[in-house]
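Please treat every number below as a calculation from the coordinates, not as lab data. Being a predicted model, the structure only gives us computed values, none of them experimental. Don't worry about glycine lacking a Cβ; one is built from the backbone with ideal geometry, like all the others, and counts go over all protein chains shown.
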Amino acid sequence: MSTDLSIDQIIGTVRGLDGSLVVAPAAGDPAFPELAWGDAFFYYAPDGQMPRTVQPYGTIVTKNYPDDTASDLDPAGRWRVNVHVDRATFHELTSDVAVDPATPDVVQPHPVYGSAGWIAVVNPGRETGDTVLRLLREAHEAARARFDRRSGVHPGS
């Protein structure tokens, strides 16, 4: 079992993955809308440039978004990690889940994007910390494979 994870621990883990890019807009960053300030977006981008035509494979959100309030992220200290997973993993992790989307430390379908294969964990802790890190590593590898396919790179070549 793991201990509670911090945002910085998750970001540090993702930054340690080969070819990763963490985009974490700070308050006042004119390149991003104010709503994104304080959040983090994870990409496979070996050139270090934020991809313009692909979605991140993982995110950390630190507040409610206008169309995404079910996790109740506005109170201080609440945040959520979101990870895109494959269909089998999604069903394995969420088939028995029927909890309030604001419940912390539970892997559950993303309250808005679950139907697109996204899982969500509010304040990952002892029950989900190891799983969250594993899922982020797997999502990173899947993003790398998609990048390689689009780039015409074939394993072993």
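Please indicate, with yes or no, whether at least one residue in segment 127-143 is surrounded by 12 or more Cβ atoms within 10 Å (Cβ to Cβ) and more than 21 Å from residue 41 (Cβ to Cβ). Looking for residues that are surrounded by 12 or more Cβ atoms within 10 Å (Cβ to Cβ) and more than 21 Å from residue 41 (Cβ to Cβ), one finds at least one in segment 127-143, hence yes. The set of residues in segment 122-134 that are aliphatic (A, V, I, L, M) and either free of Cβ contacts under 8 Å to residues at least 60 places away in the same chain or within 16 Å of residue 51 (Cβ to Cβ) (or both) contains only 122. Scan (1) more than 16 Å from the chain's Cα centre (by Cα); (2) at positive phi for the single condition residue 38 breaks and write down its number. Unmet condition: (1). Determine whether segment 93-111 contains at least one residue that is in a loop (DSSP other than H, G, I, E, B), in contact (Cβ under 8 Å) with a residue 24 or more places away in the chain, in contact with a strand residue (DSSP E or B) (Cβ under 7 Å, 6 or more places away or on another chain) and of a type in the set (S, T, N, Q). So far as segment 93-111 goes, no, none of its residues is in a loop (DSSP other than H, G, I, E, B), in contact (Cβ under 8 Å) with a residue 24 or more places away in the chain, in contact with a strand residue (DSSP E or B) (Cβ under 7 Å, 6 or more places away or on another chain) and of a type in the set (S, T, N, Q).
Checked across segment 142-156, the condition of being closer than 24 Å to residue 6 by Cβ and touching a helix residue (DSSP H, G or I) at 6+ places or on another chain (Cβ under 8 Å) holds for no residue.
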